[in-house]
Structure formats: C-alpha cells, structure tokens
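Written out below as structure tokens is the structure these notes cover.
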Amino acid sequence: MKPILFNFTDSELIEFLEKLGQPKFRAKQIREWLLRGAPDFASMKNLPENLRKDLDNSAQTLPVKIVKKLESSDGQTTKFLLELHDNEQIECVLMRTSYGNSVCVSSQAGCAMGCKFCASTLLGLKRNLTVNEIFSQILVAQWELRSDRFSDRAIRPNGDANNEDVSHIVIMGTGEPLQNTENVIGFIERANKDMGIGWRKITVSTCGIVPGIKDLTAWGRPINLAISLHAPIDELRSQIMPINNKYKLAEVLDAAFEFSNLHNRQLMIEYILLGKKNSDGETELFNCTPEYAEKLSNLLKDKNCMVNLIPWNAVDERDFASPSGNAVHRFQDILIKNGIHTRIRRERGQDIGSACGQLRLNNKKA
C-alpha cells in the first residue's frame, strides 16, 4: 500500500521528500494542497512535473479516494462513494443550501445498530473510522465546492454567489458516532480549530448510546445533539431499533436533555414516519398514527426540543413504505396542537440515494 501523505507529521513528510531528493520547503507546499483536499498530485500545480510524477508513483494524498460521484437532479446535492486504505467503502454527502454548505459525514464503515428501516446497517459493522478518515470527507467536499466556480453551480440556491467553504457538519452518515466517540470528538475539535467551523454548526446524531451522550456532556462543547427516536413507547421502538433493548427511552432522553440543558440548546428529535403494505397493497400507518402523535406529545411536553419529521426514504431491502402526505401532515398537526415545535424535513438527494436512512456500506462484489 502506498503511504498516505495526509497522515504524516510535518517531520515525517520532510523525511519522505528528502528521500526523493527534494528540499524541505516542498513539504509546506504539499501540506497546503492536502489541507485544501487535493485528490491527486496532478492538482499541485506549483510542484515540478517530475516531482508530481514521482509522488504519484510512490504515495497517496488523502486517506480516502473517490470511487464514484453522484449529482442530484437539482444540482444542489453531491454524494461521494469513498474508498479507504483497506478497501472498505463509505459515503458522504455535500448539500448546498441557502444557509450554507453542509456535509453529512460517516463515522464508521458500516453500522452495528441494526435499525430495521435503514440501509447503513445491512452489511454490519466493519470498523471505526480514524480522525483523519472523517476529516478527509470534509476536504473532499471542500475541493468540490471550489470547483463549483467553474461549473453551472456558480450561483447558490438563494441567488448569492457560491461560497467555497463548508459551513455546517452533520455526523449522520454511515455508522453510530457514539460507538466511535473518541475519534468523533477528535474530528470535531479539528474541524473547529483548522476550518473555523463553529460548535453550533456541528451536529452529532445518535440512536441513543447513553454512555456516549454522557461523554459529550463531560466534554462540554456546545454542539448540537440529535436523537434518532422514531417511536414514543419502548415496545414499538424495540421492534425497529434493537438498541432500545439496552437503553430505554427514558434513559436516552434523560441523558440527552441533560446535555442540551447544559448548553441551553434545543434538542433535535429525529422521527422517521413509517408505513407498511398490507395484503391488498395498501399502506397502513406503523409508527405515525394519531395515537402515537399524542403519545409523542406527552413524552416531549414542556421540553426544549424540536421534532424533525422524516417521511421514510425507500430502501429496497426493507419492507416499509412511506405514509401519505395527508398522514404526515396530520401527525405534525397533532404535535403542533400540543405545543411541540415540529417541522417536516426537506429531504435532499433522494434521487441519488443520499437522503436520511439511504446511506450504506457498499459491497463492491454486488
């Protein structure tokens, strides 16, 4: 395997280049390109051509390589299939919005949580990602943004000139972030320090790993926390989320509100709306009946939270169905009537399989 220059310390990079007969100042030039997200050495235009060729033969730039890039039909969402040094694959998503450029990153290759509605867990967990592997996903997106100026995306959705910087991070891609808490925290610290992304523009989403939530509380940074709830009672939640057999709803919410109250931040509650096909092929409501809307309202009454309602995004291997628009709005209306701050999430990139629940560990043999 070729060495990955991004993983080198400054002294290791200098030593590597000296073996190629290069002066020390080349290390600074290369480091600057790496921190811009340069995907290859051909992009490093201020290096001599012969050095670029030598580097191409002997090294790799980032810990991830782009295998495939998919663009949504509206041109505002890009999904990257990335390969790691051990041939495992992950996905990350760049979303260009009116409030900035948001990147959804993966924290693991695969997922062990086994949620019944999600694609990410279909092939199980392969391994945790390192700080550099998570951080490199941001750099891939940043490089893509800086190439936008030469494309027909030079104007952003709100009509303003396209900003070339990543402004928001959501750790909602493949994997459970709080099963990899140490590296996720290391990544967030680095994104804040090296890229200037504010704590309040970074969101960690968890299905409810209580010790990990408590670790975030002890860490003390005022990031945003999102809880994948998806059911208002334990019996129902355990049917679709095996983690609920270990950490019950009350324990998860107690830990989550302790974190959000510490920073006076609104807790984000993620709630996927699921239907099921009956024998006649008609969609029946599963976790989004009016009764469950009332139970969810009682669970969250007088709490500082916002509920994100997410109509289920199709995953071929799962036997759920999306509820009708009327059912979605009826569920929302009940929550609002009961004083719960609620919105229906606008999904991005459904046509390229990059919406919530659709990211997966890719099996190259499939």
- Out of all the residues in segment 72-80, is one or more of a type in the set (F, W, Y) and open to solvent by 30 Å² or more (accessible area, probe 1.4 Å)? no
- Residue pairs within 6 Å by beta carbon, gap of at least six or interchain, first lying in segment 105-119 and on the phi > 0 side of the Ramachandran plot, second of a type in the set (D, E, K, R), listed first then second, are G110/K126
- Could you tell me whether any residue of segment 149-160 is modelled with pLDDT of 95 or more, part of a helix (DSSP H, G or I), open to solvent by 10 Å² or more (accessible area, probe 1.4 Å) and hydrophobic (A, V, I, L, M, F, W, C)? no
- Note on the structure: Scanning segment 219-236 for residues that are more than 13 Å from C207 (Cα to Cα) and crowded, with 17+ Cβ neighbours inside 10 Å gives I223, N224, P232, L236
- Checking E282 against (1) at pLDDT 95 or above; (2) open to solvent by 70 Å² or more (accessible area, probe 1.4 Å), the condition it does not meet: (1)
- Message: Condition first: among the hydrophobic types (A, V, I, L, M, F, W, C), crowded, with 19+ Cβ neighbours inside 10 Å and under 16 Å from the mean Cα position of the chain (by Cα). Now tell me which residues in segment 171-210 satisfy that.
- Response: I171, M172, L178, V184, I185, F187, I188, A191, I197, I202, V204, C207
- So, of the residues in segment 121-134 that are in contact with a strand residue (DSSP E or B) (Cβ under 9 Å, 6 or more places away or on another chain) and not in a strand (DSSP E or B), which turns out to be surrounded by the fewest Cβ atoms within 10 Å (Cβ to Cβ)? G124
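The values are calculated or read from the model by the stated rules, or taken from the named source; none is laboratory data. None of the values given here were measured: they were computed from a predicted structure. With ideal geometry, Cβ positions are generated from the backbone for all residues, glycine too; neighbour counts draw on all protein chains shown. Keep in mind that these areas ignore ligands, DNA and RNA; they rest on the heavy atoms of the full protein, side chains included. Shrake-Rupley method; radii C 1.70, N 1.55, O 1.52, S 1.80 Å.
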